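First up is the structure itself, then whatever we jot down about it.
The values are calculated or read from the model by the stated rules, or taken from the named source; none is laboratory data. What you are looking at is a predicted structure, and each value in this text was computed from that prediction instead of being measured. Cβ coordinates were reconstructed from backbone atoms using ideal geometry, including for glycine residues, and neighbour counts include every protein chain displayed.
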């Protein structure tokens, strides 16, 4: 029988790549969609799958619509990728972030417990939970010390997933994903902000790129690689939690250098450090240890940072040229 998957956040970067991955495997894919903006499906269009998904209206903050989506889709697998996912905005919207990224996870788990206990559940946890790092390499046993309302809310979502797994024997796993990017990344995220600016500067439409802490270090991978790890978690006999990362950390400065060098420019000539982009509490470095995922899931990242940034710059050059 064809497997059925329900994806919250299906119109986001990860949701789009995961939907395509599952469709290619023959799944019937349901997408849980909040109607808040005029065009939320551009990523699905770019991947050529907009018309291959069954859309269900709802909102993660509304428990009734979550229950209705579970009852309607009867999913074998539910992937919770829906979130207020921009760290910077979480200081401006701390309550909304807490509800959507934290409490709403309970809505999903409770809906499964009551109406579809056989469904396997994936929770999108995040490296931002580590925050003020307590170990040089962060793995599944590293203590959390979140440094933003986003990170705090995600810690709740992570632990409530573990709680339901242990309390009700549910197949509920969390992927602690480190930064993962792609040409489908939102423009508010630093990698895409950089690659879009590089394209505009190269084409003479912009002169400078204003950034905050360019000495912050992140472990960046390709979102298309990471969604495979999500799927692999739900194929295991036992549910568990996994760090998904490349094991390599790079400064924002060096990421900028890669992007500008790809189009024959020097980042020093265009990058401006602007204090208004500094966060109230900064996460200075994140570096994941994906050894468990490599050992248990047999998962490896396939795309280097240079390949990723090149892919993103080329996509933005095409977009800006069309403008």
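Do the conditions hold for residue 305, that is, is it within 22 Å of residue 125 (Cα to Cα) and modelled with pLDDT under 95? Taking the combined requirement at face value, the residue does not satisfy it.
Per-residue answers, yes or no, for (1) in contact with a strand residue (DSSP E or B) (Cβ under 6 Å, 6 or more places away or on another chain); (2) part of a loop (DSSP other than H, G, I, E, B); (3) crowded, with 21+ Cβ neighbours inside 10 Å:
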| site | (1), (2), (3) |
| --- | --- |
| 136 | no, yes, no |
| 145 | no, yes, no |
| 154 | yes, no, yes |
| 161 | yes, no, yes |
| 185 | no, yes, yes |
| 192 | no, no, no |
| 226 | yes, no, yes |
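Taken as a whole, the structure places residue 243 among residues that are touching a helix residue (DSSP H, G or I) at 6+ places or on another chain (Cβ under 8 Å), part of a strand (DSSP E or B) and modelled with pLDDT of 95 or more. Residue count for segment 260-283 under the criterion of being surrounded by 12 or more Cβ atoms within 10 Å (Cβ to Cβ) and touching a strand residue (DSSP E or B) at 6+ places or on another chain (Cβ under 7 Å): the result is 5. State which residue is farthest from residue 129 (Cα to Cα) when the search covers only segment 210-228 and only residues that are in contact with a helix residue (DSSP H, G or I) (Cβ under 6 Å, 6 or more places away or on another chain) and at pLDDT 95 or above. By that ranking, first place goes to 224. Whenever a residue of segment 60-82 is within 27 Å of residue 180 (Cα to Cα) and not assigned by TED's automatic domain parsing to the domain that holds residue 121, it has no partner that is at pLDDT 95 or above and crowded, with 17+ Cβ neighbours inside 10 Å lying with C-beta atoms less than 6 angstrom away and at least six residues away or across chains. Looking at the structure I just gave you, is residue 112 in a helix (DSSP H, G or I) and touching a strand residue (DSSP E or B) at 6+ places or on another chain (Cβ under 7 Å)? It is true that residue 112 is in a helix (DSSP H, G or I) and touching a strand residue (DSSP E or B) at 6+ places or on another chain (Cβ under 7 Å).
Here is a yes/no grid of residues against (1) closer than 17 Å to residue 190 by Cα; (2) more than 22 Å from the chain's Cα centre (by Cα); (3) in the same structural domain as residue 190 (by TED's automatic domain parsing):
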{"position": "256", "(1), (2), (3)": "yes, no, yes"}
{"position": "265", "(1), (2), (3)": "no, yes, yes"}
{"position": "269", "(1), (2), (3)": "no, yes, yes"}
{"position": "273", "(1), (2), (3)": "yes, yes, yes"}
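Matching residues to (1) crowded, with 24+ Cβ neighbours inside 10 Å; (2) at pLDDT 95 or above:
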{"position": "4", "(1), (2)": "no, yes"}
{"position": "16", "(1), (2)": "yes, yes"}
{"position": "30", "(1), (2)": "yes, yes"}
{"position": "48", "(1), (2)": "no, yes"}
{"position": "52", "(1), (2)": "no, yes"}
{"position": "67", "(1), (2)": "no, yes"}
{"position": "75", "(1), (2)": "yes, yes"}
{"position": "89", "(1), (2)": "no, no"}
{"position": "93", "(1), (2)": "no, no"}
